[in-house]
Every structure is written in C-alpha cells, then in structure tokens.
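Novice: Quick one: this structure, given as structure tokens, is what I'll be asking you about.
The values are calculated or read from the model by the stated rules, or taken from the named source; none is laboratory data. On a predicted model such as this, the values are computed, not experimentally measured, just so you know. Glycine gets a Cβ as well: all are built from the backbone with ideal geometry, and neighbour counts include every protein chain shown.
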Amino acid sequence: DAKTTQPTSMDCAEGRAANLPCNHSTISGNEYVYWYRQIHSQGPQYIIHGLKNNETNEMASLIITEDRKSSTLILPHATLRDTAVYYCIVLYGSYQLTFGKGTKLSVIP
Amino acid sequence: DAGVTQSPTHLIKTRGQHVTLRCSPISGHKSVSWYQQVLGQGPQFIFQYYEKEERGRGNFPDRFSARQFPNYSSELNVNALLLGDSALYLCASSGVDRDNTEAFFGQGTRLTVV
C-alpha cells in the first residue's frame, strides 16, 4: 500500500471549514483514498473514501487532485465534536488498513 | 443494528498470563480484523479473517493468535503476556465487497499488563 504524508496537527475555528491535506504521491491506479478519524479513546470511525472523483457524504467532502497524488478532506462546518486524529489511508483489495500518525485536528471555540 | 461489540472493555493481567479478547461483527459482515494501538500511535494490523480463514497477518509474534467462528465472531488470544502488550485492542468488521473495504471498528478492549 502507498505511503501517505499528513501534517502532525491543525487548528480550526468552530463553525469554519476544516481542510485536512494528505499527500500520497506513490498511489497506484487502483488504490482508493480512505479517511478515518479517531476521537480520544474510541475506535476509529470511517468518514469517506474515493478513487478519482470528488466525493461528498453527510460527514465530509473528499477532493482528490487530477493526478491523484494528493487529496483534501473537508469538514464544512467544524464543531467541537470534530476534534480528533484524522487518518488518510490508501489501499486496494485489502482489509488491512495501514494507519500512520494522522493529523490531530483541534477545533477551537 | 448493533455495531461491532468487543468484550471485555477493560482488562488487567499479569506478565506471563494469557488473555482472550472477543469480538462480534456487524450482522452480515464476514470479515473481522484485529488491531493493536499503543499509546500515542496509530492502530497496527494484527490479523484479518474472512469466512473463518486467516487472510492476513501483521508483524506480530506467534504469541498472538486468533480464530473466527461459524457465526463470524472472533477471538484474539495472546500468550505469555509482556508489559509491552499493554494497549487498546481494536476489532473491525467489513462487508463482502472487496472494492469497498469500509471498516467498522468497535470501541476496543483496553489491556493493561502489570
């Protein structure tokens, strides 16, 4: 599976959009980009995934660049409950998720 | 529907003992995976089972073993516990579609080895 690079931490004001970047320059053509988050002391939670096209669901939007070497997770209106560690993972055909250190997002009142 | 359930939620064991952790996947899910998360790190893959067969194994010693039952529930066993085995053990279940490997995690079992 391809390696990802994420900033260690980010702050976001409550009510503003949180934009979390992820670099995955070695991604293969059939690998998906997945985002999970982990709120303190809880199990990771699936957020969204995509292959080429931008995706949106009730939680977030995923923007993947045309060359697929990077992506951005967007939380449109961050709340205090969105404070968590966010993991960007790329994989295909495997249930084996490889978690890096992720980005610790702090939503500030 | 109930999510992924794990038991027990917390456990304290002594070095050298063995432990059994249990996981019930989401109804209809046939794949169960186990992860270890030590403090300050992301979860690390231990095992994946699909239809009762081991499909993947992470870089863990043979002291770690697992199995999946006909009802798709699973057990993770760790023998000869070390202090370094203290961690949050997470179970995740996934559906059948290999192109949609969305995993659902339980709340984990917090194991403390003293």
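Novice: What is the number of the single condition among (1) in contact (Cβ under 8 Å) with a residue 60 or more places away in the chain; (2) more than 14 Å from chain B (Cβ to nearest Cβ); (3) surrounded by 15 or more Cβ atoms within 10 Å (Cβ to Cβ); (4) assigned to a strand (DSSP E or B) that A:D11 does not meet?
Specialist: Of the numbered conditions (1) in contact (Cβ under 8 Å) with a residue 60 or more places away in the chain; (2) more than 14 Å from chain B (Cβ to nearest Cβ); (3) surrounded by 15 or more Cβ atoms within 10 Å (Cβ to Cβ); (4) assigned to a strand (DSSP E or B), the odd one out for A:D11 is (3).
Novice: Oh, and also: Can you pull out every residue in region A:14-39 that is part of a loop (DSSP other than H, G, I, E, B), within 29 Å of A:P109 (Cβ to Cβ) and either of a type in the set (D, E) or within 11 Å of chain B (Cβ to nearest Cβ) (or both)?
Specialist: Within region A:14-39, A:E14, A:I39 meet the criteria.
Novice: Hey, can you tell me all the residues within region B:37-86 that are in a strand (DSSP E or B), farther than 23 Å from A:Y36 by Cα and at pLDDT below 95?
Specialist: B:E53, B:E54
Novice: Enumerate the pairs (first residue in region B:95-110 and at the interface with another protein chain (Cβ under 7 Å from one of its Cβ atoms) and under 15 Å from B:E51 (Cα atoms); second residue anywhere and surrounded by 18 or more Cβ atoms within 10 Å (Cβ to Cβ) and at pLDDT 65 or above) with beta-carbon separation below 9 Å, excluding pairs fewer than 6 apart on the same chain, so at least 6 apart or on different chains.
Specialist: B:R98/A:Y95
Novice: Can you pull out every residue in region A:70-108 that is more than 9 Å from chain B (Cβ to nearest Cβ), surrounded by fewer than 20 Cβ atoms within 10 Å (Cβ to Cβ) and not in a strand (DSSP E or B)?
Specialist: Passing the criteria: A:P76, A:H77, A:T79, A:L80, A:R81, A:D82, A:T83.
Novice: In region A:4-44, which residues are over 23 Å from B:F105 (Cα atoms) and small (G, A, S)?
Specialist: A:S9, A:A13, A:G15, A:A17, A:A18, A:S25, A:S28, A:G29
Novice: Name the single residue, out of those in region A:45-69 being aliphatic (A, V, I, L, M) and not in a strand (DSSP E or B), that is nearest to B:R110 (Cα to Cα).
Specialist: Among those residues, the one meeting the criterion is A:M59.
Novice: Just need a number here: residues in region A:41-54 that are surrounded by fewer than 18 Cβ atoms within 10 Å (Cβ to Cβ) and either away from every other protein chain (no Cβ under 11 Å) or closer than 18 Å to A:T26 by Cβ (or both).
Specialist: Matching residues across region A:41-54 total 4.
Novice: Then there is this: Among (1) surrounded by 18 or more Cβ atoms within 10 Å (Cβ to Cβ); (2) without any contact (Cβ under 8 Å) to a residue 24 or more places away in the chain, which single condition is A:E66 missing?
Specialist: With respect to (1) surrounded by 18 or more Cβ atoms within 10 Å (Cβ to Cβ); (2) without any contact (Cβ under 8 Å) to a residue 24 or more places away in the chain, A:E66 is out only on (1).
Novice: Would you be able to say whether some residue in region B:50-65 is within 13 Å of chain A (Cβ to nearest Cβ) and buried (at least 21 other Cβ atoms within 10 Å of the Cβ)?
Specialist: Checked region B:50-65: no residue is within 13 Å of chain A (Cβ to nearest Cβ) and buried (at least 21 other Cβ atoms within 10 Å of the Cβ).
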